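All remarks here apply to the structure that follows.
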Amino acid sequence: METPPSFTLPFIIGLLVITSFLIVVSIIWITGLSKTDKIRIIKGFPSRKTWRAVRETFTEALLHRKIFLKNPRLGYMHMSLAFGWFLLIVAGHLEAIFHYRTLAFPFWKSIFFRFAEQAPATGFTAKLFAALTDFLLLFILSGVALAYYKRFNSRHFGMKKTTQMKAGDRVALSALWLIFPMRFAAESITAGLHHNGSFLTQPAGDLLASTFSLQPVEQAAWWTYSLSLGVFFTAMPLSRYMHIPVEVLLIFLRKYGIRLKKGVNTYTRVQVFSCSRCGICLDSCQMNQANVRNSQSVYVLRQIRGRRLKDDQLFNCLLCGRCQKDCPVGLDLNDLRITQRIASTREYNSSYDYLKNGPSPQAEVIYFAGCMTHLTPGIKKSMQQLLHFAGINFWFMDEYKAPCCGRPLIQVGQYEAAKKLIRNNTEKILSSGAKTLVVSCPICYKVFHEDYSLPGITVMHHSQYLLNLVDQGRLPVFSLPERVVYHDPCELGRGSGIFDQPRKLLSSYASLIKIPHEKADAYCCGGSLSNTRITMQERDQIRDKVLEEYQSCQPDRLVTACPLCKKTFTKGTDVQVSDLAELVWKGVCHSKTMPNRSSLPEAAIPLGLHPGKPSGIAIPSLP
Amino acid sequence: MNTFGYKIMSPRTIDFDQFDGRLLNEVLVKEPSFRTCLSCGGCTATCNAGTLIDFNVRKLNLLLRRGEIASLSREIDKCMLCGKCMLVCPRGINIRNVIMLLKKGASRLSEHQKTAVENEVQK
């Protein structure tokens with residue numbers, strides 16, 4: 001066998017390092033998965049899921065579709081490097097296979113083909129391959145040029161902030177930036193000497209040959225190219241570029257149905273290693289408004305990967321999910337953080353032995369206001385009135401005393417403790433024989449929806465339930481002469497995917513203003529219970545920034561669907577802040593049925609709405 | 001139920017020679033807003049767990065400053081972290097963080113360390 005030239009040594013060492021590293025970690029990660037997850041892989045492999053994973057690998061890991069959607073320039077930069085390099089490797093191999101007419105040629109020859117075969121290309125196909133590899137090189141070089149430029153002006157790529165890098169990243173990045181310019185230099189020099197280049201490398205080679213003697217520098221140029229490849233591969237396990245191979249593994253595991261558990265396992269490692277530290281999450285983070293610069297997802301994931309995560313970083317996050325929706329890799333950033341919080345607080349979960357349950361009253365519908373709603377009594381009052389008005393037989397579960405839903409505990413990682421509350425509440429709900437559970441607080445809604453097992457019971461947020469009542473004609477509609485802004489609560493919107501029902505309900509009672517950041521892109525109010533480290537002053541800074549945008553739309557009223565958002569906003573603005581339920585009740589009061597009180601259902605009697613009795617409810621007045 | 005009549009109270013002396021201020025200091029350093037507590041009791045009045053069982057958030061400050069860590073960690077286990085106390089606090093104290101820090105701190109201490117100030121009394 002022919003010995004490869006000495007300059008290929010760094011490349012071969014680098015390739016061996018990265019390949020063996022990848023094999024070892026993949027074995028560790030896959031064997032570390034739970035038994036059910038392994039069965040998922042085995043069952044998923046021969047199914048259509050594999051094809052879907054291949055397709056996603058192509059569109060996300062190579063074409064970077066999600067980054068394109070975010071910013072085309074940024075997308076092109078990533079695509080030219082990833083997809084261009086991939087095509088260059090494929091084209092290089094095909095060229096070598098075509099040239100040697102066999103698959104059994106020394107593999108270094110396909111990587112350093114121009115050096116291995118110095119005779120000028122003859123024949124149409126050979127010339128076409130030479131032109132193709134030159135074109136692909138040009139394609140990648142355009143991406144590298146954009147990457148250089150992005151260092152100086154990331155705003156042109158839609159990014160205000162970029163990731164602060166550590167040493168490993170810097171080494172790998174420098175090597176990556178050198179690879180393609182050096183390949184271009186080496187191929188041009190060889191082309192200048194042996195005339196085996198194509199439309200890009202040949203003119204460049206001729207130009208170089210006319211200025212100085214190329215013979216002495218040829219070896220040096222190929223050495224530098226091989227060294228930059230070798231350094232890049234060797235630095236990869238210590239850098240963010242591990243995301244290139246691991247993201248592919250992640251896509252396959254995700255397609256086979258593997259999800260994060262409520263505990264750290266090797267799938268957590270796969271997710272963390274898949275983070276490309278692109279820094280797209282930095283701009284979406286509202287902690288910037290409070291001048292917190294180290295707790296963003298990219299930094300937390302880096303600390304998890306290095307096993308150096310500190311509580312200050314872990315808990316200084318609103319868990320609003322804005323970064324998660326922007327993540328081009330589709331990492332479960334909120335769940336990753338909650339998983340780490342569970343691990344961090346495992347030693348001290350409360351037992352809540354004092355929780356006792358008596359018999360529950362029988363009712364068709366349960367209304368659970370939630371702790372926060374008790375601090376904004378207007379909401380629960382409106383809900384009670386609306387439910388009575390519609391003639392619903394309901395039980396107000398937490399009217400006097402009831403444990404919390406458990407979500408605030410889960411948010412700070414006290415999952416075992418939360419399970420005790422969940423068990424207690426579940427017993428209560430199931431024994432009431434109800435079919436529907438109406439919740440006023442999105443924080444409660446999320447946990448009832450996701451972590452409770454309530455067979456036969458539909459959990460609804462009051463915005464959904466009231467919309468149903470309106471659709472059934474059980475609540476009258478009245479369009480108030482008000483222009484309102486609707487604020488999507490994080491747990492209801494991004495957290496549970498309920499964007500349209502509140503808007504539909506709202507548009508029956510007032511006119512809705514479109515705002516720049518809404519639905520999945522909506523801001524967090526800053527009041528989130530998930531952040532235990534943030535000070536009240538910092539919360540105010542976040543809130544004020546959000547209010548600035550809302551107030552610029554000059555609404556008559558700011559409407560939200562979460563008691564905590566309402567409480568947070570009320571302190572910071574002169575604009576009237578209301579919950580959806582309050583607005584609906586106001587509309588109902590002003591509707592045509594209201595003056596004729598005899599049309600009220602009998603159920604409204606306990607609240608003093610009966611025509612014979614003086615009304616105990618103050619009807620809100622129109623502005 | 002309370003019974004009428006007089007009760008013989010066991011002596012309750014706090015031995016400040018045994019006082020271990022590490023937990024207190026840690027909380028004060030990590031959550032400086034806790035210093036501003038004026039013991040108004042708003043937190044206790046709104047407390048969700050307080051409606052279900054005898055639990056007094058305001059008292060946590062007192063227990064911590066006395067160094068009665070054993071009682072403190074028993075009390076703190078009742079909290080459900082719902083966050084109402086934080087929203088009513090007139091001084092804007094981040095009470096949930098205080099409670100999480102206390103839970104973590106207390107879990108690190110041994111039983112002997114927790115009961116240090118009360119041990120002396122029982123001797």
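Every read-out reported here was derived from the displayed coordinates using simple, explicitly stated rules and does not represent laboratory data. This one's a predicted model, so the numbers in the text were calculated from it and none came from an experiment. For neighbour counting, all protein chains shown are included, and Cβ atoms are generated from backbone atoms with ideal geometry for every residue, glycine included.
For B:Lys114, the lysines whose Cα comes closer than 27 Å to its Cα, not counting residues fewer than 8 places off in the same chain, are A:Lys310, A:Lys420, B:Lys30, B:Lys59, B:Lys78, B:Lys103, B:Lys104, B:Lys123. Within the shell defined by Cβ-Cβ distances under 10 Å, the residues around A:Gly75 carry a net charge of +4, with Lys and Arg each +1 and Asp and Glu each -1.
Remark: for residue pairs A:Lys160/A:Lys514; A:Lys161/B:Lys84; A:Lys38/A:Lys150, the C-alpha separation exceeds 32 Å in A:Lys161/B:Lys84; A:Lys38/A:Lys150. Answer with one residue from B:Ser73, B:Gly42, B:Asn56: the one whose Cα lies farthest towards the positive end of the charge dipole of segment B:20-122, charges on Cβ with Lys, Arg +1 and Asp, Glu -1. Value computed over the given set: B:Gly42. In a fully extended conformation the segment linking A:Lys514 and A:Ile28 would gain 170.0 nm over its present Cα-Cα distance, using 0.36 nm per residue. Secondary-structure-derived ellipticity at 222 nm for chain A, considering helices only, amounts to -16500 deg cm²/dmol, per-run term -39500 (n - 2.57) for DSSP H runs with n ≥ 4. Remark: mean inter-chain Cβ contacts per residue of B:82-90 equal 6, using a 10 Å Cβ-Cβ cutoff to other protein chain atoms. Taken along the Cα-to-beta-carbon direction at a fixed 7 Å, the label points for B:Thr36 and A:Lys261 span 4.4 nm. For segment A:448-460, putting each phi into the Karplus relation 6.51 cos²θ - 1.76 cosθ + 1.60 with θ = phi - 60° gives couplings of 4, 6, 9, 9, 8, 10, 10, x, x, 10, 8, 8, 9 Hz, in residue order, rounded to whole numbers and with x for Gly and Pro.
Placing a label point 7 Å from the Cα of B:Arg108 along the Cα-to-Cβ direction, the residues of segment A:298-325 whose backbone N falls under 18 Å of that point are A:308-316.
Going by the alpha-carbon gyration tensor, a ≥ b ≥ c the square roots of its eigenvalues, is chain B rounded (a/c under 1.5) or, if a/c is not under 1.5, prolate (a/b greater than b/c) versus oblate? Before the final figure, lay out the partial values.
Working: a/c = 1.91, a/b = 1.18, b/c = 1.61.
Taking the square roots of the gyration eigenvalues as a ≥ b ≥ c, chain B is oblate.
In this simple spin-label model, placing a label point 7 Å from the Cα along the Cα-to-Cβ direction at both A:Ala145 and A:Lys38 gives a separation of 5.2 nm.
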